[in-house]
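Worksheet: the structure to be examined is printed underneath.
The values are calculated or read from the model by the stated rules, or taken from the named source; none is laboratory data. What you are looking at is a predicted structure, and each value in this text was computed from that prediction instead of being measured. Neighbour counts run over all protein chains shown; Cβ positions are idealised from the backbone, glycine included.
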Amino acid sequence: MAVGKTSNPKPDSAASANRDSDTVDTFVDVSEYQKLDDRQLNALLSQHKISVDKDASSAGKIRAVIDRQISLGHKLVGAGTLQVLPDGFGFLRSRWFNYLGGPDDIYVSPSQIRKFSLTNGDLVSGQIRPPKENERFFALLRVLKVNDMEPSKAIEAPEFDDLSPLAPNRQILTGAPDSDDSCRIVDLVSPIGFGQRGIIVSPPRSGKTRMVEQLCQGMLNSDSNVYAYVLLVDQRPEEITELERKLNGPRCEVISSVFDESSFRHHDVAMMVLEKAKRMVELGEHVVIFLDSLTNLARFELGPGYLANRLEPDSLPRTRSFLASARLTEEAGSLTIIGTLTTNSTNELDDLIAEILRSTSNMEIQLDHELVKRRIWPAINVHLSQCQQEEVLLGDQYGAVCKLRRKLGDLSAPEAMDLLLSKIESSDSNEKLLGDL
């Protein structure tokens, strides 16, 4: 599984190294073990006849397998996303542990960080060694790849903050034929563009997490160029498991920080995902981050006991900066961020947070609890959902969409959604729906 042999390693292999042609080395990619669940790890232990304590953690089982490979004379390679700490050194964090610190992280020295101009969010792979006596972590011996490129090429990538931001001018379609009706409705009333700063504003229990799931799945079904992160901050573990099983894949990562984690870890996970997304944009990728929820992230930034009457427009610099990072760039790719905001809750602070972050967004999907009470899904208020410069994103469809909005304008939100759903169900596509108008 994670073991391979090579005599002349290819340049694009994570285990590549310059060796004499007559040598044959066996390399073990330790990052492959981190993907395994407990059942798969137990099967691997049984396969290699390795005994561990019955209460051993997943990390302990991984370490036991690696120790066996080392005893057989195998060499180690590893990969991860770099987090640089204030002291100048860093660690390669694993996607499979939500980019949080863990016992199998790989130490990266300050000299390597300086030599290869490494920064937060870089995907680094290379040859590693096990910890020596009195050491806790694996250590990076040699950098082989940075962001899947030769290190000398990776240095040439532009920096995110130096890229020229543009207004969104091309729509990310979500309403593929097998997508939920909510995706087709969003494509009409609140289109999402590459580089959008979007918010989903929702009262409690109105389906914001379900909306995130459906929009993400719709994007993945409609556009093969999109890479998505679903970032779950302060969420229930059962919801996290459900979304991981539905969305995790080659073009989507579900990254989470559960509700019993510290505020520092919530912020840490969010920043790691943001920095990794920026590195991908620098290389021309189109990345979408779904953040559920912006409200939770803002609460943790303010800290416990913060009073609503003390909240000022500049009280949330880190959360606003996160949302403001979304942009279409002229020279490279795009970063789109869609975050959820809670309103009309028992906490007055939530409404004030929503008002502050609204000023940073340029697209809004408004969910309506009245529709939820009537069991109407999607619970989108088509009158309040909107997008700036929608005429650019909709192109030739803009006139027909305006006509549709006028038809819906005299109806209440539930009546408007009922009418729109009937039109959606009677047409195969939005093009046909608008053409029939």
| field | Looking only at segment 57-75, and only at residues there that are among the aliphatic types (A, V, I, L, M) and buried (at least 20 other Cβ atoms within 10 Å of the Cβ), the one that is nearest to PRO130 (Cα to Cα) | value | ILE66
| task | Test LYS145 against the criterion of being over 25 Å from GLU390 (Cα atoms) and either of a type outside the set (A, V, I, L, M) or in contact (Cβ under 8 Å) with a residue 40 or more places away in the chain (or both), and give yes or no. | result | yes
| task | Look through GLU370, GLU425, GLU348, GLU390 and report the one residue that is charged (D, E, K, R) and within 27 Å of the chain's Cα centre (by Cα). | result | GLU390
| query | In segment 405-421, is there at least one residue being under 30 Å from the mean Cα position of the chain (by Cα), over 23 Å from GLN214 (Cβ atoms), assigned to a helix (DSSP H, G or I) and assigned by TED's automatic domain parsing to the domain that holds PRO191? | reply | no
| Tally of residues being surrounded by 21 or more Cβ atoms within 10 Å (Cβ to Cβ) and either assigned to a helix (DSSP H, G or I) or at pLDDT 95 or above (or both) across segment 369-378 | 1
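Take segment 211-242 and flag every residue that is assigned to a strand (DSSP E or B) and hydroxyl-bearing (Ser, Thr, Tyr). Walk me through it before giving the result.
Pass one, segment 211-242, residues assigned to a strand (DSSP E or B): 226-235.
TYR227, TYR229, listed by residue number.
Restricting attention to segment 50-69, which residues are assigned to a loop (DSSP other than H, G, I, E, B) and either modelled with pLDDT under 90 or polar (S, T, N, Q) (or both)?
Of segment 50-69, the ones assigned to a loop (DSSP other than H, G, I, E, B) are 50-57.
Correct list: SER51, VAL52, ASP53, LYS54, ASP55, ALA56, SER57.
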| query | For residues in segment 122-175 being of a type in the set (Lys, Arg) and not in a strand (DSSP E or B), which is farthest from LEU220 (Cα to Cα)? | reply | LYS132
| said: For segment 390-400, check the following and say yes or no: at least one residue is in a helix (DSSP H, G or I) and hydroxyl-bearing (Ser, Thr, Tyr). | reply: yes
| Any chance segment 259-281 includes a residue that's on the phi > 0 side of the Ramachandran plot and in contact with a helix residue (DSSP H, G or I) (Cβ under 7 Å, 6 or more places away or on another chain)? | no
| said: Just checking, does segment 90-110 include any residue being surrounded by fewer than 21 Cβ atoms within 10 Å (Cβ to Cβ), of a type in the set (D, E, K, R), assigned to a strand (DSSP E or B) and touching a Gly at 6+ places or on another chain (Cβ under 7 Å)? | reply: no
| said: Considering only residues that are modelled with pLDDT of 95 or more and either surrounded by fewer than 23 Cβ atoms within 10 Å (Cβ to Cβ) or closer than 17 Å to LEU394 by Cα (or both), which ones fall in segment 198-207? | reply: GLY198
| remark: When segment 278-306 is checked residue by residue, the ones that are in contact with a Gly (Cβ under 8 Å, 6 or more places away or on another chain), more than 22 Å from GLU239 (Cβ to Cβ) and in a helix (DSSP H, G or I) are LYS278, ARG279, MET280, VAL281, GLU282
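Test GLY73 against the stated conditions and say whether it is under 21 Å from VAL124 (Cβ atoms) and assigned to a loop (DSSP other than H, G, I, E, B).
Numbers: under 21 Å from VAL124 (Cβ atoms): no; assigned to a loop (DSSP other than H, G, I, E, B): yes.
Spelling it out, it is not the case that GLY73 is under 21 Å from VAL124 (Cβ atoms) and assigned to a loop (DSSP other than H, G, I, E, B).
Which one is farthest from the chain's Cα centre (by Cα) among residues in segment 268-300 that are of a type outside the set (Lys, Arg) and over 19 Å from ILE338 (Cβ atoms)?
Filtering segment 268-300 down to residues of a type outside the set (Lys, Arg) leaves 268-275, 277, 280-298, 300.
Keeping just the survivors that are over 19 Å from ILE338 (Cβ atoms) gives 268, 282-284, 300.
Values: ASP268: 13, GLU282: 16, LEU283: 17, GLY284: 17, PHE300: 19 Å.
Result: PHE300.
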| query | Here is a list of conditions, (1) outside any strand (DSSP E or B); (2) under 30 Å from the mean Cα position of the chain (by Cα), and ALA43 meets all of them except one; can you say which number that is? | reply | (2)
| note | Filtering segment 185-210 down to residues that are in contact with a Pro (Cβ under 7 Å, 6 or more places away or on another chain) and in a helix (DSSP H, G or I) yields ILE185
| task | Would you please name the residue that is surrounded by the most Cβ atoms within 10 Å (Cβ to Cβ), looking only at residues in segment 349-368 that are in contact with a Leu (Cβ under 7 Å, 6 or more places away or on another chain) and in a loop (DSSP other than H, G, I, E, B)? | result | SER361
